Structure formats: C-alpha cells, structure tokens
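**Student:** Quick one: the structure is below, questions incoming.
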Amino acid sequence: MIRAILPSRLEYRDLAIRLVASACKLVPAGGDDFSNEVVSAFSEALNNGVLHGGVSPEDEVEIESDLGEDRLTLRLKDHGISFDPRTVPAPDLDALPESGMGAFIMMSFMDQVTYEAGTPNTLSMTKVAGV
C-alpha cells in the first residue's frame with residue numbers, strides 16, 4: 001500500500017496526480033488506457049473534494065493506493081461535507097455540459113466506486129486492467 005497525506009488545497013493536486021500515475025505504472029497488467037482512466041477519475045474526485053467538499057485549506061486529504069497484479073484501488077479520505085458521487089444523475093451528454101461531469105467520469109472509468117460518509121469520508125475506486 002502507498003499512502004500520502006496532503007493539504008486539501010489545489011496547489012497539491014499535481015503532486016497527488018503524480019503519485020497516482022506512478023502507482024498505475026506498478027500494476028503489471030495495466031497500460032496507457034488503464035493509467036489515463038485511473039488518473040482522470042482520481043483527479044475529478046480530488047477536485048470535487050477540495051473545491052466542493054467544504055474542507056478548509058488547513059485540512060488534509062489522505063490518499064491510499066492498494067496495488068495488485070491486475071488492479072488498483074484508490075481511497076480518498078477527507079473531513080469535509082459528506083457527498084456520495086453515486087447519487088448524481090448521469091449528465092445529458094447531448095447538451096455538451098461544461099461542468100458537472102466529475103461523478104460521471106469517476107463512475108465511467110472505474111469498475112467499482114463505493115462511498116462511506118463519516119469522519120473521515122472515504123471514497124474508494126477500483127480499476128481492473130483489461131475490463
């Protein structure tokens with residue numbers, strides 16, 4: 001397991017994304033599509049938590065990566081407002097929305113998404129290579 005605790009500020013977004021991108025490279029069965037989809041889903045989750053989660057800049061977000069031969073599970077933990085991305089309706093893609101796509105991207109790119117509200121809130125996302 002790889003674990004990092006970072007300030008809940010957008011200035012740390014690049015560092016968090018590099019951590020996840022590096023973790024993707026450690027999944028033997030993963031590839032470019034695997035990495036691109038995991039990084040996209042993760043960055044949407046992180047953005048949503050930092051921008052809309054009601055966390056203060058002094059708060060922290062914990063990122064955990066569990067690696068397997070053919071999968072990667074990411075967990076994001078924060079102490080912000082509880083929000084389950086699985087409850088968001090799918091956007092009208094024909095309308096080409098400019099925002100509101102984060103939950104849709106997470107659900108589309110990851111094979112399993114779970115959410116536990118609490119202290120901390122925990123969003124878990126798993127991607128399996130080749131699925």
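**Student:** List pairs: first residue in segment 1-23 and closer than 17 Å to Leu51 by Cβ and open to solvent by 30 Å² or more (accessible area, probe 1.4 Å), second residue assigned to a loop (DSSP other than H, G, I, E, B) and aromatic (Phe, Trp, Tyr) anywhere in the structure, Cβ distance under 6 angstrom, at least six positions apart or on different chains.
**Tutor:** none
**Student:** Residues in segment 52-72: is at least one open to solvent by less than 20 Å² (accessible area, probe 1.4 Å) and under 13 Å from Val128 (Cβ atoms)?
**Tutor:** Within segment 52-72, one or more residues are open to solvent by less than 20 Å² (accessible area, probe 1.4 Å) and under 13 Å from Val128 (Cβ atoms).
The values are calculated or read from the model by the stated rules, or taken from the named source; none is laboratory data. Source: prediction; values computed, not measured. Note that each Cβ is placed from the backbone with ideal geometry, even for glycine, and that neighbours are counted across all protein chains shown. In case anyone asks, the SASA skips ligands and DNA or RNA and just uses the protein heavy atoms, side chains included. Shrake-Rupley method; radii C 1.70, N 1.55, O 1.52, S 1.80 Å.
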